[in-house]
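*Asks:* I'd like to ask you about the structure that follows.
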Amino acid sequence: MKKAIFAAVCALLLSASCLAQPRAPEKVQTVSTATEWQVRYEGGVFGASTKEQGTIKVSDTDQRVTFVRKSDGKEMFSIPYEALMVLYPDSKSEVSTTNKVISHMPLPGAGLAGMMSSSIKYANVQFDDPDIDAKGSASFRFEDQKELLSFLNSLGPRAKMLQRGDAYYRPKQKSVF
């Protein structure tokens, strides 16, 4: 009798743990209406090799992404929408120079300063520019994740790219032959 009750209780507990789990809610694509973001250009475009603070703008009338320098307000470069191949977010952890110096000081607990890091958010833009027949990858540094995703969710749909996770891509054209 005890074995039958024990078996029934085990079967009941096992069946309760096997209940179907609810499906995770799907991400709803939210297209951002913003057209300008304050960023730091980190490099990647031909003819624009210096790191610069500035504004990145998307323009539906010109069908281009434009980077304008903060120092003089002039356009540094632009990339046509149809040249964009992949847009994706990235982040890197970085220990500040101050924390690196403090971590090497001969003080009790100073080594812990080297463990304090901050996360830096980047938008990586891969392009195939037909104007100069060259491929490249530009990188833009954002202050926070919200601004970064706002940029990607604004540019991706405007450039008629497909979404995969937080990234956007342009599928390859299939050849007729």
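The values are calculated or read from the model by the stated rules, or taken from the named source; none is laboratory data. What you are looking at is a predicted structure, and each value in this text was computed from that prediction instead of being measured. Neighbour counts are summed over all protein chains in view; Cβ atoms, including those assigned to glycine, are modelled from backbone coordinates with ideal geometry.
*Asks:* Look through T97, T66 and report the one residue that is of a type outside the set (K, R), without any contact (Cβ under 8 Å) to a residue 40 or more places away in the chain and buried (at least 17 other Cβ atoms within 10 Å of the Cβ).
*Replies:* The match here is T66.
*Asks:* Right, here's the next one. In the range 145-163, what count of residues is obtained for those that are free of Cβ contacts under 8 Å to residues at least 12 places away in the same chain and not in a helix (DSSP H, G or I)?
*Replies:* Here the count works out to 1.
*Asks:* Taking the condition of being free of Cβ contacts under 8 Å to residues at least 24 places away in the same chain and under 21 Å from D144 (Cβ atoms), how many residues in the range 34-50 meet it?
*Replies:* 1
*Asks:* Oh, and also: (1) in a strand (DSSP E or B); (2) surrounded by fewer than 12 Cβ atoms within 10 Å (Cβ to Cβ): which one isn't true of D90, the others all being true?
*Replies:* With respect to (1) in a strand (DSSP E or B); (2) surrounded by fewer than 12 Cβ atoms within 10 Å (Cβ to Cβ), D90 is out only on (2).
*Asks:* Out of everything in the range 51-63 that is under 18 Å from the mean Cα position of the chain (by Cα) and in contact (Cβ under 8 Å) with a residue 60 or more places away in the chain, what residue ends up being surrounded by the most Cβ atoms within 10 Å (Cβ to Cβ)?
*Replies:* Checking each candidate, the answer is I56.
*Asks:* Tell me which residues, restricted to the range 119-177, are touching a Lys or Arg at 6+ places or on another chain (Cβ under 6 Å) and of a type in the set (S, T, N, Q).
*Replies:* Passing the criteria: only Q145.
*Asks:* I'd like to know if the range 77-84 contains one or more residues that are at pLDDT 85 or above, in contact with a helix residue (DSSP H, G or I) (Cβ under 9 Å, 6 or more places away or on another chain), surrounded by 11 or more Cβ atoms within 10 Å (Cβ to Cβ) and of a type in the set (S, T, Y).
*Replies:* yes
*Asks:* Filter the range 134-177 down to residues that are aromatic (F, W, Y) and either buried (at least 17 other Cβ atoms within 10 Å of the Cβ) or at pLDDT below 90 (or both) and give me whichever is farthest from the chain's Cα centre (by Cα).
*Replies:* For the range 134-177, the residue satisfying everything is F177.
*Asks:* In the range 17-35, is there at least one residue being at pLDDT below 80, in a strand (DSSP E or B) and of a type in the set (S, T, N, Q)?
*Replies:* Looking through the range 17-35, none of the residues is at pLDDT below 80, in a strand (DSSP E or B) and of a type in the set (S, T, N, Q).
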